[in-house]
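Working notes for the structure below.
The values are calculated or read from the model by the stated rules, or taken from the named source; none is laboratory data. This one's a predicted model, so the numbers in the text were calculated from it and none came from an experiment. Counting neighbours? That spans all protein chains shown, and the Cβs are built from the backbone with ideal geometry, glycine included. Side chains included, ligands, DNA and RNA excluded: accessible areas come from the protein's heavy atoms. Shrake-Rupley method; radii C 1.70, N 1.55, O 1.52, S 1.80 Å.
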Amino acid sequence: EPMIPVVAIVGRPNVGKSTLFNRLTRTRQALVDDRPGVTRDRHYGVARDGDFEILLIDTGGFEPDPDDKLFISVREQAELAIQEADLILFVVDQQAGRTPTDDQTAAVLRKAASKNEKNPPVLLIVNKCDNDQAEVNAADFWGLGLDNMLCISAEHGRGAFDLWSTIADHLPEQTGVEESEDE
């Protein structure tokens, strides 16, 4: 039985990671709350699009330089998720604009991904792009130095179709090829 690919959602607090998790898994399983640090541990959920399925991990808000105990544990949880991932969705908030934390997180993700033997690709997900103007404003995030950027609105479903096809394009093929019958 082939393993289902693991996709980790990371980003700083309040960028809409849980909203994205809930949209992809079609559940209300992840906490959606405006207080930072509410999603403390990792939440797992299966997301399906037709026959295609992924195991999604929603991580707590990623603080690259945490000083209190909660954020240290959140960062550890995020790093563990990155270690398991076949693909990382790095979520940023278009309305808040690019922040120093986003820059630090991008650097941490590149380093963590290269340490993971799977070397998972990092997709930059610019959330809260509710209209075309927002997508124009999102161009600043190219400066984070990641190759793949997608503008979506997790809350309103904008870009959801593109998101699924981009996720599928960046994952190993999901077929039973790796199990050969004659072993």
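For this structure, a couple of remarks:
- Odd one out for ILE4, checked against (1) farther than 24 Å from GLU135 by Cβ; (2) at pLDDT 85 or above; (3) not in a loop (DSSP other than H, G, I, E, B): (3)
- Subset of the stretch 107-127 that is in a helix (DSSP H, G or I) and among the basic types (Lys, Arg) - its residue that is least open to solvent (accessible area, probe 1.4 Å): ARG110
- Subset of the stretch 55-106 (residues that are assigned to a loop (DSSP other than H, G, I, E, B), at pLDDT 85 or above and surrounded by fewer than 16 Cβ atoms within 10 Å (Cβ to Cβ)): GLN95, ALA96, GLY97, THR99
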